[in-house]
Protein chains: 2
Amino acid sequence: MTKAGKTVLIVDDEAPIREMIAVALEMAGYECIEAASTQEAHAQIIDKKPDLILLDWMLPGTSGVEFARRLKREDRTSELPIIMLTAKGEEDNKVQGLEAGADDYITKPFSPRELVARLKAVLRRTTPQGVEEPIEVQGLTLDPVCHRVTSHDKPIDIGPTEYRLLQFFMTHQERAYSRAQLLDQVWGGNVYVEERTVDVHIRRLRKALGEAHEHLIQTVRGTGYRFSTKAS
Amino acid sequence: MTKAGKTVLIVDDEAPIREMIAVALEMAGYECIEAASTQEAHAQIIDKKPDLILLDWMLPGTSGVEFARRLKREDRTSELPIIMLTAKGEEDNKVQGLEAGADDYITKPFSPRELVARLKAVLRRTTPQGVEEPIEVQGLTLDPVCHRVTSHDKPIDIGPTEYRLLQFFMTHQERAYSRAQLLDQVWGGNVYVEERTVDVHIRRLRKALGEAHEHLIQTVRGTGYRFSTKAS
DNA sequence: GTGGGCTGTCACAAAATTGTCACGAAAGAT
DNA sequence: ATCTTTCGTGACAATTTTGTGACAGCCCAC
């Protein structure tokens, strides 16, 4: 499965440390970008829009705390979660760190496990999950909370990809999408799969929906597919 | 609504510290009672029935850890959430603290803000939302008061973790949860265990429930698990 | 200390999902 | 009508995700 990997910016002046962290995070399915200074970090934030920052306490030039404080003050970045990294012995600064706006705080040395765990926790805490209302169309219901699709209350069994595909369609009705667009939206931007694969999943989805609903997914010849309540 | 101000018991042998904490908590709308020793603490618990305990690690006589362990073992107090306070340099002990049953730990010095935040988090996590009414689903009953699970009045024997897992599921039916969410909710946010551990406990729970009820716990492929009375 | 109950992890088995193909059917285009 | 594209389908093998049994460490009651 290609999870919508979150991007993490690692800010530390020691390259080996950055590497180590990057390796750990990438193994856990995160995308990593790095920066050795606050200047670089700032550029990266604007450029790559990470979902979280791992920020070393000790940095040449602007200190980590100062940088954190600044980020939290700026409107554009105030929501960006920050985890502070501090070496053992700097523990007194923890209060400062948290008050500067850090969302969590990890003391070196730490295990990759701990890092990943806390990172997950922070992301979970800070990623607001929008209100997820069930979507219903002609007796076909997709409930994102229960992660379930039903046809007139009868459960429909589909795989994860078909589920995402249907979810995308139901939240984007009446409009035609090319295979490439669907791959982007449903599979995630940076995976390479054949465009025809979309056809296969469309087919599986239609089959699962059964005669009652398969007509909702219409093929737009020469272009792609469309989810529509109107007859084609 | 009359906000039922929660009562917090502060156990620390240094009066100034107690005072400082009390002031911070009262400003945040909590009621505070204090104790300088475990003996006093015990009396206060019985007398005032606090909703949470802030427990210093270092205490004359019975140590904080020991006291925590004892509280968690006693039936009457096992549900009482505990936050451990540890001074700088004792951080190595945090594992011990958590294993003794503490729900969170805070390292001195800490900011009032941090204290209140974590206290809230712990209360949110541990305060059962529902009333203490037994929950029954298709002959499967979980009685939070007796701390027992029965299938058509026949007792079912499960471990503490399985119990909490089942309780969580029965109070959050129909909704799908990821392994991470379950770890958060059932294990508590500050411990790190492998996500696959959830699978194992799900397995144990299913086995304990037996054929009669195991279908209530459904696996949501690619996502996690769900407790549902409807067929999958 | 000793036995029993719980837990967290593994390694491996079982099951479900996925991406591709090859081939036939449909729909346009000439 | 015939040729060309484009789309629908069933089959597969590879890969992922779950289910399970076994195990070692731990704590506690005896």
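The modelled label-to-label distance for the pair residue A:212/residue B:199, using points 7 Å beyond Cα in the direction of Cβ, is 3.3 nm.
Here the spin labels are modelled as points 7 Å beyond Cα on the Cα-Cβ line, and at residue A:113 and residue B:15 they lie 4.5 nm apart. Compactness of segment A:7-126, taken as the C-alpha radius of gyration over 2.2 N^0.38 Å, stands at 0.94.
Distance between the pseudo-spin-label points of residue B:143 and residue A:58 (7 Å out from Cα toward the beta carbon): 6.0 nm.
Summing both sides, the accessible surface hidden between A and B at a 1.4 Å probe radius is close to 2100 Å². Counting every C-alpha pair in the protein assembly as shown, the share spaced more than 39 angstrom apart comes to 35%. When DSSP assigns beta bridges and you keep just the ones with both residues in the protein assembly as shown, what percent turn out antiparallel, to the nearest 5? In the protein assembly as shown, DSSP labels about 50 percent of beta bridges as antiparallel. Taking Lys and Arg as +1 and Asp and Glu as -1, the other residues whose beta-carbon sits under 12 Å from that of residue B:13 total -4. Of the Cα atoms belonging to segment B:135-227, the radius of gyration and Dmax stand at 12.5, 36 Å. At full extension, residue B:157 and residue B:191 could sit 9.7 nm farther apart than now, given 0.36 nm per residue minus the alpha carbon distance.
For the protein assembly as shown, what is the calculated [θ] at 222 nm in deg cm²/dmol (nearest 500), taking -39500 (n - 2.57) for each run of four or more DSSP H residues and dividing by its residue count?
Helix-only estimate at 222 nm: -11000 deg cm²/dmol.
Could you pull out the trypsin sites (Lys or Arg not before Pro) across segment A:189-226 that fall in loop regions by DSSP (anything but H, G, I, E, B) with no more than 13 other Cβ atoms inside 10 Å?
Filter output for segment A:189-226: A:221.
Applying 1/(1 + (r/R0)^6) with R0 = 60 Å to the Cβ-Cβ distance of residue B:72 and residue A:232 gives a FRET efficiency near 0.40.
Our note on the geometry: Cα centres of segment A:1-54 and segment A:174-202, 28 Å apart. Loop sites by DSSP among the GluC sites (Glu not before Pro) of chain A, restricted to those with at most 14 other Cβ atoms within 10 angstrom, leave A:15-73 as the longest stretch without any of them. Taking each residue as 0.36 nm, the span from residue A:174 to residue A:221 lengthens on full extension beyond its C-alpha to C-alpha distance by 15.4 nm.
Scaled against the 2.2 N^0.38 Å expected of a compact globular protein of N residues, the Cα radius of gyration of chain A reads 1.29.
The values are calculated or read from the model by the stated rules, or taken from the named source; none is laboratory data. Since we're looking at a predicted model, the values are computed, not measured. Every residue, glycine among them, receives a Cβ derived from its backbone with ideal geometry; neighbour counts consider all protein chains shown. The area values use the complete protein model at the heavy-atom level, side chains included, leaving out ligands, DNA and RNA. Shrake-Rupley method; radii C 1.70, N 1.55, O 1.52, S 1.80 Å.
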